[in-house]
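> Once you've had a glance at the structure underneath, I'll fire off some questions.
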Ligand SMILES: C[S@@+](CC[C@H](N)C(=O)[O-])C[C@H]1O[C@@H](n2cnc3c(N)ncnc32)[C@H](O)[C@@H]1O
């Protein structure tokens with residue numbers, strides 16, 4: 001998918017993305033900010049920030065003397081993030097509609113993070129290398145991604161449901177291939193080191209979302225999985241929902257494995 005298509009998919013998720021946040025995005029964002037160890041007064045970049053799951057705790061940690069630039073392509077998610085930041089009177093947090101592959105602030109950050117975003121960037125290696133260059137020498141850079149096996153069983157059930165309803169195979173998105181390249185501690189550490197970071201440490205946070213039929217569907221509607229439904233009419237979408245919920249129930253899938261890896265390194 002091209003950046004504008006990715007932005008459109010996530011734009012469409014807005015209400016569902018927000019509903020899913022307390023179960024999925026918020027705890028992962030908070031864990032990433034803890035791993036990055038954002039300190040008072042720091043200037044921070046949040047890449048692919050969505051609705052602020054990590055940008056908000058980063059702004060709290062940076063405090064009034066610090067500042068957070070949070071960038072994303074999906075205007076509706078940014079709008080949601082702005083409302084959350086306003087409610088918490090976080091004047092040090094700016095949500096900016098921008099493409100991470102070209103964002104150029106003109107200043108260097110003390111720290112940057114990207115949570116479940118790098119694998120959407122068209123040339124993941126070149127894009128992240130460029131983003132690391134937006135951090136000052138000595139600054140930190142964190143990437144959070146899905147650990148091997150995360151969303152796998154659930155994803156297989158969803159793809160099978162979509163294929164049954166469409167009556168045709170569904171192509172695996174390039175984001176899946178990119179995510180697979182960095183889904184172990186060793187692979188993520190090696191990748192970040194190869195892109196120029198020093199002292200890289202990877203932390204695994206075991207995580208699972210207990211499933212109800214409602215949540216099983218919210219995970220489609222409030223994540224990038226929603227892109228699989230592009231072009232389907234309402235009846236077809238309902239059929240996918242019924243098929244997915246029935247197959248998860250039949251196979252006794254009562255939680256979604258969603259463990260994450262966070263790699264943090266220092267720009268030499
Ligand atoms: C899975 S969501 C994660 C959002 C957020 N980091 C979180 O954890 O809640 C991925 C986000 O990446 C954004 N994104 C994808 N490609 C992008 C790009 N080239 N520039 C900026 N944002 C991008 C999408 O719009 C989406 O909001």
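> Residue 18: within 20 Å of residue 89 (Cβ to Cβ) and in contact with a helix residue (DSSP H, G or I) (Cβ under 6 Å, 6 or more places away or on another chain), yes or no?
Yes, satisfied.
> Turning to a different aspect of this structure: Please note which strands (runs of 3 or more DSSP E) are completely contained in region 13-100 and include at least 2 residues that are touching a residue at least 60 places away in the same chain (Cβ under 8 Å) and within 14 Å of the ligand (Cβ to nearest atom).
The qualifying strands (runs of 3 or more DSSP E) are 43-47.
> Another question, if that's okay. Considering only residues that are over 22 Å from residue 97 (Cα atoms) and out of contact with any helix residue (DSSP H, G or I) (no Cβ under 6 Å at 6 or more places or on another chain), which ones fall in region 33-60?
Within region 33-60, 34, 35, 36, 37, 39, 40, 41 meet the criteria.
> Same structure again: If I filter region 106-123 down to residues being more than 19 Å from residue 25 (Cβ to Cβ) and within 14 Å of the ligand (Cβ to nearest atom), which single residue comes out as surrounded by the most Cβ atoms within 10 Å (Cβ to Cβ)?
Of everything passing the filter in region 106-123, 122 is surrounded by the most Cβ atoms within 10 Å (Cβ to Cβ).
> Name every residue in region 175-196 that is under 17 Å from residue 149 (Cα atoms) and more than 15 Å from the chain's Cα centre (by Cα), in order of residue number.
177, 181, 184, 185, 186, 187, 188, listed by residue number.
> Continuing with this model, one more query. Name the residues in region 157-175 that are loosely packed, with under 15 Cβ neighbours inside 10 Å and modelled with pLDDT under 95, would you?
Selection gives 167, 168, 169, 170, 171, 172, 174.
> Can you name every residue in region 124-152 that is more than 21 Å from residue 107 (Cβ to Cβ), within 15 Å of the ligand (Cβ to nearest atom) and part of a helix (DSSP H, G or I)?
If the condition is that a residue be more than 21 Å from residue 107 (Cβ to Cβ), within 15 Å of the ligand (Cβ to nearest atom) and part of a helix (DSSP H, G or I), then 124, 125, 126 are the ones that fit.
The values are calculated or read from the model by the stated rules, or taken from the named source; none is laboratory data. Values in this document were obtained by computation on a predicted structure and should not be read as measured data. Heads up, the Cβs are rebuilt from the backbone with ideal geometry, glycines too, and the neighbour counts pull from every protein chain shown.
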